[in-house]
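Okay, so here's the structure we're looking at.
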Amino acid sequence: MDRAFYSAFQSGKGDRFLFKPAATVISARRAGTTATYDQLNKYFGITQMPIISSRYWNMVHGSTPEEVKKDEEGMQVMRIYLALEGVDRHKKSIKVIMIQIPIGSQYFYCYWG
């Protein structure tokens, strides 16, 4: 992400991400999600991208899909996020791009249109 956002400014195309809706969804086994969520959203904030959020931070806890499904609060946050993201995508007719970032044994996903 450093490379993508840094190169956008260095190439003279600082508006490449301007006004494109973005969202960060974090999944982790335990702690660290809040700091990661904050760090990834700063990329979107400094490039004037509207950030699609939910009722709470877009994060779930669990190391497997089965464990994530047991995180009731996280699943509720994701349902609300998906509803809001769908409304925004429908309004703007954007194409969403996903980036998978491996960090240790976990993967973080970033979306933007």
Notebook entry, point to check: Quick one: S53 ticks every box in (1) within 23 Å of I80 (Cβ to Cβ); (2) in a helix (DSSP H, G or I); (3) among the polar types (S, T, N, Q); (4) without any contact (Cβ under 8 Å) to a residue 40 or more places away in the chain bar one, so which box is it?
Noted result: (2)
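Return the residues of the range 15-42 that are touching a strand residue (DSSP E or B) at 6+ places or on another chain (Cβ under 8 Å), of a type outside the set (A, V, I, L, M) and in a helix (DSSP H, G or I); say none if nothing qualifies.
First, pick out the residues of the range 15-42 that are touching a strand residue (DSSP E or B) at 6+ places or on another chain (Cβ under 8 Å): 17, 20-30, 33-34, 36-37, 40-41.
Now drop any that are not of a type outside the set (A, V, I, L, M), which leaves 17, 20-21, 24, 27, 29-30, 33-34, 36-37, 41.
T33, T34, T36, Y37, N41, listed by residue number.
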Check: Looking at (1) farther than 20 Å from Q76 by Cα; (2) within 17 Å of the chain's Cα centre (by Cα); (3) not in a helix (DSSP H, G or I), which is the only condition G12 fails?
Finding: (2)
Item checked: Which numbered condition R79 fails, given (1) at pLDDT 80 or above; (2) in a strand (DSSP E or B) -> (2)
Checklist line | Residues of the range 35-85 classified as small (G, A, S), surrounded by fewer than 18 Cβ atoms within 10 Å (Cβ to Cβ), touching a helix residue (DSSP H, G or I) at 6+ places or on another chain (Cβ under 9 Å) and at negative phi, total | finding: 1
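The values are calculated or read from the model by the stated rules, or taken from the named source; none is laboratory data. It should be emphasised that the depicted structure is a prediction, and the values quoted were computed from it without experimental measurement. Heads up, the Cβs are rebuilt from the backbone with ideal geometry, glycines too, and the neighbour counts pull from every protein chain shown.
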